[in-house]
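Structure first, commentary second.
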Amino acid sequence: MANRHLLSIVSGAAALLLLASSAAHGNSARLPWAATSGLHFVEAVINADNYRAKAGGLAMKKSPSPDLRDFGRALWVDSIEDTRRLQWVLDKTEPHVFLPTTVTPQYMFVIDELLPVNGEDFDRRFIAQQVASLKYALALAQAYARFGDDFDLKEYAARSAPKIEARLEQIRQIEMRYQRVGEWRVGSSE
């Protein structure tokens, strides 16, 4: 389990670095397919939305923190609304595309890390996962808005970026509060 967790962090970090460095250098030839291909972009977005909806639902049920339960609810609602907006964009095309609503195997192992834990262990894992997930989502939306191959999806990506950025800032604020409380608890137990 620990090896899969480390692999997921390393894989996510590598993808983020590649995406961020490619976007910074303006070299669209080095971007991942999801940042330039509409089909791959839609797949990446819907898979991440389904994962975040499931993770947000778990946070509503399992987190002892009111902040994280509220954040989980907001994440769940955002993911459902985002999927609806994406479906609306895709409904303009023929043939109509129906988006999946289940968590894919690539994200299920991340969800599996949240299922057996409770309390502070759940909170720590959930926060770390959401920071990484939202960083990737933001980088992907910004890159596709700039380099994507479909005008409607580029507009969708550009409109999605501010909301993703706001959620990322929100989870970072929660993470900072959580770390301060955690440091206080460690200091008080000595």
| field | Odd one out for G119, checked against (1) more than 20 Å from the chain's Cα centre (by Cα); (2) open to solvent by 60 Å² or more (accessible area, probe 1.4 Å) | value | (2)
| note | Over region 106-125, the set of residues over 30 Å from S37 (Cα atoms) and aromatic (F, W, Y) is F122
| field | So E113, is it open to solvent by 10 Å² or more (accessible area, probe 1.4 Å) and within 28 Å of S65 (Cα to Cα) | value | no
| request: Test each condition in (1) within 13 Å of the chain's Cα centre (by Cα); (2) under 16 Å from E113 (Cα atoms) for G57 and report the one that comes out false. | output: (1)
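So that you can scan it fast, the table gives a plain yes or no per residue for (1) modelled with pLDDT of 95 or more; (2) open to solvent by 80 Å² or more (accessible area, probe 1.4 Å); (3) closer than 26 Å to E155 by Cα:
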site	(1), (2), (3)
V89	no, no, yes
K92	no, yes, yes
P95	no, yes, yes
L99	no, no, yes
T102	no, yes, yes
I127	yes, no, no
Q130	yes, no, yes
L134	yes, no, yes
| query | Right, Y107: in contact with a Gly (Cβ under 9 Å, 6 or more places away or on another chain) and either modelled with pLDDT under 95 or over 17 Å from A48 (Cβ atoms) (or both) or not? | reply | no
| Which residue pairs have Cβ atoms closer than 6 Å, lie 6 or more positions apart in sequence or on different chains, and pair a first residue in region 63-85 that is more than 13 Å from D49 (Cα to Cα) with a second residue that is surrounded by 14 or more Cβ atoms within 10 Å (Cβ to Cβ) and of a type in the set (S, T, N, Q)? | R69/S63
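The values are calculated or read from the model by the stated rules, or taken from the named source; none is laboratory data. None of these values were measured; they are calculated from a predicted model. Don't worry about glycine lacking a Cβ; one is built from the backbone with ideal geometry, like all the others, and counts go over all protein chains shown. All accessible areas refer to the heavy atoms of the entire protein, side chains included, with ligands and DNA or RNA removed. Shrake-Rupley method; radii C 1.70, N 1.55, O 1.52, S 1.80 Å.
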